[in-house]
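Just below is one structure, and these are the notes that go with it.
The values are calculated or read from the model by the stated rules, or taken from the named source; none is laboratory data. These figures come from a predicted structure and were not determined experimentally. Every residue, glycine among them, receives a Cβ derived from its backbone with ideal geometry; neighbour counts consider all protein chains shown. Surface areas here come from the heavy atoms of the whole protein model, side chains and all, with no ligands, DNA or RNA. Shrake-Rupley method; radii C 1.70, N 1.55, O 1.52, S 1.80 Å.
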Amino acid sequence: SWINKLLKEKNITKFYHSPYWQKLRREVLNEQKNKCQECLKEGRVTTANTVHHVQFVDKHPELALSKFYIYKGKQYRNLIAVCSECHNKLHPEKHRRNKSKEKDRFMNKERW
């Protein structure tokens, strides 16, 4: 599929700018009333501005445009509306690299 090709080319940004994703993103945000689903679990109401793939696109490209997926015969939501803060929590791997680089940048032999 074209998504696999984009992943190989390390150009997944093209997927997120595609009309297919933009339309689906708007649908998901509207269906979930622009509320962060993670914050709602904690009793907070926060505006969602991102749609998160539960099944990550790089691991499951076949589900990139699927609202739901089936696991062991049960249907689960694949796309959830979230705020930026929750999206960052859902993707700690994206921030781990940055923190280790920052730490190394400021460390020297005297450790300050």
* Asked: When you go through E85, E93 one by one, which is the residue that is surrounded by 11 or more Cβ atoms within 10 Å (Cβ to Cβ) and part of a helix (DSSP H, G or I)?
  -> E85
* Does any residue of the range 57-70 turn out to be open to solvent by 50 Å² or more (accessible area, probe 1.4 Å), modelled with pLDDT of 95 or more and of a type in the set (S, T, N, Q)? -> no
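Being in a strand (DSSP E or B) and either touching a Lys or Arg at 6+ places or on another chain (Cβ under 9 Å) or aromatic (F, W, Y) (or both) is the filter; apply it to the range 26-52 and report the residue that is surrounded by the fewest Cβ atoms within 10 Å (Cβ to Cβ). First the steps, then the outcome.
The initial filter retains those residues of the range 26-52 that are in a strand (DSSP E or B), namely 35, 47, 50-52.
Adding the requirement that they be either touching a Lys or Arg at 6+ places or on another chain (Cβ under 9 Å) or aromatic (F, W, Y) (or both) leaves 47, 50-51.
Values: T47: 13, T50: 18, V51: 21.
Only one residue tops the list, namely T47.
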* Which members of the range 49-64 meet the condition of being of a type outside the set (S, T, N, Q) and out of contact with any Phe, Trp or Tyr (no Cβ under 6 Å at 6 or more places or on another chain)? -> V51, H52, H53, V54, F56, V57, D58, K59, H60, P61, E62, A64
